[in-house]
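A short write-up of the structure that comes next.
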Amino acid sequence: MSQPFSKMGVVGAGSMGSNLAMLFTENGLQVSIFDVKPENIDALPTVFEGGLDAKYRDCITLFKEYKPFMESLGGTGMPKLLVFSIPHGSAADKIIEDIRDHLAEGDIILDGGNEWYLNAERRQKYLQPHGVSYISMGVSGGYQSARRGPSISPSGDKRALDSVMPLLEKFAAKDPKTGLPCVVNLGPAGCGHYVKMIHNGIEQGILGIVNEAWELMYKCLNIDLDTISKIFMEWGSEGELKRNFLINIGAEICGRHHPNNHPSHVLNEVQDKVVQDADETEGTGIWSVMEATKRHVSAPTIASAHFFRIASADRAQRLSVVDNLGESLGAARKQQVDEVFCKAFVEDLRLAVYCACLASFAQGLNLIARASADEGWGVDLASCIRIWREGCIIRSEYIADLLQPLLEKECKLTNILTLRPVGEEVRRTLPALKKVVVTAIEWNAHIPALSASLEYYKYCAGKHLPSQFMEAEMDYFGAHSYDLKCDGPGEVKKGQHHFEWKPA
């Protein structure tokens with residue numbers, strides 16, 4: 001039975017929390033907002049004045065103390081409903097401890113932060129004996145989607161989720177094709193945050209891919225930003241990259257000039273470093289790479305894009321390396337090419353970007369499937385694609401249209417590269433990816449994600465890999481043993497054969 005809610009408490013008054021509050025209010029809820037930093041609360045009236053219709057502003061109440069905040073959510077026979085929109089880690093633990101005495105049986109906490117799934121599961125176990133449900137809830141799409149409708153990936157206690165699902169379905173982004181809300185109960189425990197974490201891993205891969213495509217056009221082909229904006233716009237309007245979110249916003253970014261007719265592009269003033277991983281404000285990329293290693297899933301597109309970001313963060317150290325190794329080693333080279341070559345290369349680049357994006361999806365979905373099997377979650381990969389159709393950063397209509405119906409038929413699949421239609425797409429576009437990678441190497445462009453995607457396809461489809469030599473060397477120095485070719489493919493476990501290459 002669905003439980004109606006008329007009040008919502010939002011913990012966290014940053015960009016995500018404040019935009020969620022406005023979204024909730026416009027959909028009929030009385031919203032209370034609390035933040036541990038009083039200055040964040042003080043800033044909200046200005047935020048609401050610029051982003052919320054006056055008729056809704058009286059429906060939001062601001063608090064700087066826990067007790068009145070929690071008391072504002074009470075009601076006769078009505079459980080309290082809270083949404084956390086705060087940094088991952090100890091912040092949520094501290095807040096739970098501070099409000100613990102104000103929580104009662106039946107209360108529900110929706111943790112909408114980018115949290116480590118094991119932290120979510122630990123809190124679920126801590127609160128469950130007290131009758132408080134802690135829902136592990138990924139919220140995708142950034143603060144813009146938080147304002148208009150995000151993609152939501154919740155998990156946890158089924159009864160609690162059933163009670164809040166009508167609300168979540170109301171607030172979630174809607175698939176423009178079907179009108180279905182981009183929210184599904186993904187299963188038990190912390191799988192909601194796990195799926196959101198891998199969403200961000202896939203996102204990390206695609207960010208790297210699009211970043212590399214931009215450099216090839218801007219720094220190597222010397223295409224101006226306004227023209228690149230039009231190219232991205234064309235890519236995102238039809239074909240394999242249709243409604244790809246990162247392509248679409250890339251068009252906006254490349255075309256954005258300073259206000260007041262200033263001739264300079266905003267992009268040209270942005271420093272070349274991504275610090276969100278290195279300063280630990282963003283953990284999902286790090287966790288995705290860790291999980292790929294822990295669960296023995298090959299995810300080189302995601303990992304290579306991540307390590308590129310890490311290297312970019314410390315610009316001061318990079319400049320020291322430039323002084324030592326020379327500037328030309330790491331500088332993309334500008335090319336002199338004719339219009340025919342340029343047009344053909346840009347088309348190959350479009351197909352290469354799509355092929356590499358498909359690799360990032362394959363790696364992320366493989367990781368979700370492996371974790372789901374390991375943990376007994378029963379996560380449906382088709383449902384993941386469904387909630388990623390709108391309101392999230394990895395939205396990509398063509399890829400979703402390709403994968404969702406296939407995964408609905410193959411509910412126990414772990415690797416989409418075994419699906420024939422996916423194989424056809426890879427075979428069709430892989431020549432373009434190869435051509436782009438070879439050319440980019442000649443031009444000294446930075447292509448960690450594109451090149452890693454190419455190698456991923458090559459070794460995943462390798463019937464005879466050179467790893468037999470590696471296995472022999474490991475047997476030589478460590479007596480690790482090996483399988484024989486005549487034994488067949490065998491299982492993923494230690495081989496039964498050893499050769500005494502050299503006596504001790």
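The values are calculated or read from the model by the stated rules, or taken from the named source; none is laboratory data. On a predicted model such as this, the values are computed, not experimentally measured, just so you know. So basically every Cβ, Gly included, is an ideal-geometry build from the backbone, and we count neighbours across all protein chains shown.
Quick notes on this one:
- Taken as a whole, the structure leaves E115 outside the set of residues that are free of Cβ contacts under 8 Å to residues at least 60 places away in the same chain, among the acidic types (D, E) and touching a strand residue (DSSP E or B) at 6+ places or on another chain (Cβ under 9 Å).
- Residue in the range 459-472 that is under 25 Å from the mean Cα position of the chain (by Cα) and surrounded by 11 or more Cβ atoms within 10 Å (Cβ to Cβ) present: yes
- If the condition is being outside any loop (DSSP other than H, G, I, E, B) and crowded, with 19+ Cβ neighbours inside 10 Å, then the range 64-78 contributes F69, M70.
- Hey, E425 within 17 Å of L351 (Cα to Cα) and under 17 Å from the mean Cα position of the chain (by Cα) or not: no
- Any hit, the range 437-450, residues being without any contact (Cβ under 8 Å) to a residue 60 or more places away in the chain and hydroxyl-bearing (S, T, Y): no
- Flag for P448 being assigned by TED's automatic domain parsing to the domain that holds A213, of a type outside the set (S, T, N, Q) and loosely packed, with under 14 Cβ neighbours inside 10 Å: no
- Residues (part of a loop (DSSP other than H, G, I, E, B) and under 20 Å from E203 (Cβ atoms)) located in the range 376-414: V379, W388, R389, E390, G391, C392, I393, I394, R395, S396
- Enumeration of residues in the range 412-422 that are surrounded by fewer than 21 Cβ atoms within 10 Å (Cβ to Cβ) and in contact with a helix residue (DSSP H, G or I) (Cβ under 7 Å, 6 or more places away or on another chain): L413, T414, N415, L417, L419, P421, V422
- Restricting the range 348-401 to residues that are hydrophobic (A, V, I, L, M, F, W, C) and free of Cβ contacts under 8 Å to residues at least 24 places away in the same chain, the residue that is farthest from V210 (Cα to Cα): I385
- Filtering E269, E280 for residues that are more than 30 Å from P154 (Cα to Cα), in the same structural domain as T301 (by TED's automatic domain parsing) and surrounded by fewer than 14 Cβ atoms within 10 Å (Cβ to Cβ) leaves a single hit, E269.
- Checking the stated criteria, I368 turns out to be assigned to a helix (DSSP H, G or I), within 25 Å of L168 (Cα to Cα) and not assigned by TED's automatic domain parsing to the domain that holds S145.
- A count restricted to the range 173-195 and to residues that are in contact with a Cys (Cβ under 9 Å, 6 or more places away or on another chain) and crowded, with 23+ Cβ neighbours inside 10 Å stands at 5.
- Filter result for the condition that a residue is part of a helix (DSSP H, G or I), more than 16 Å from the chain's Cα centre (by Cα), at pLDDT 95 or above and aromatic (F, W, Y), over F361, F345: F345
- Failed item in (1) over 23 Å from C220 (Cβ atoms); (2) surrounded by fewer than 20 Cβ atoms within 10 Å (Cβ to Cβ); (3) out of contact with any Gly (no Cβ under 9 Å at 6 or more places or on another chain); (4) hydroxyl-bearing (S, T, Y), with Y398 passing the rest: (3)
- For the range 30-62, a residue qualifies if it is over 29 Å from the mean Cα position of the chain (by Cα) and part of a loop (DSSP other than H, G, I, E, B), and the qualifying residues are D53, D58, C59.
- Any hit, the range 436-445, residues being among the hydrophobic types (A, V, I, L, M, F, W, C), assigned by TED's automatic domain parsing to the domain that holds A352, in a loop (DSSP other than H, G, I, E, B) and under 30 Å from G326 (Cβ atoms): yes
- Restricting the range 269-290 to residues that are among the charged types (D, E, K, R) and touching a Lys or Arg at 6+ places or on another chain (Cβ under 9 Å), the residue that is nearest to A359 (Cα to Cα) is D277.
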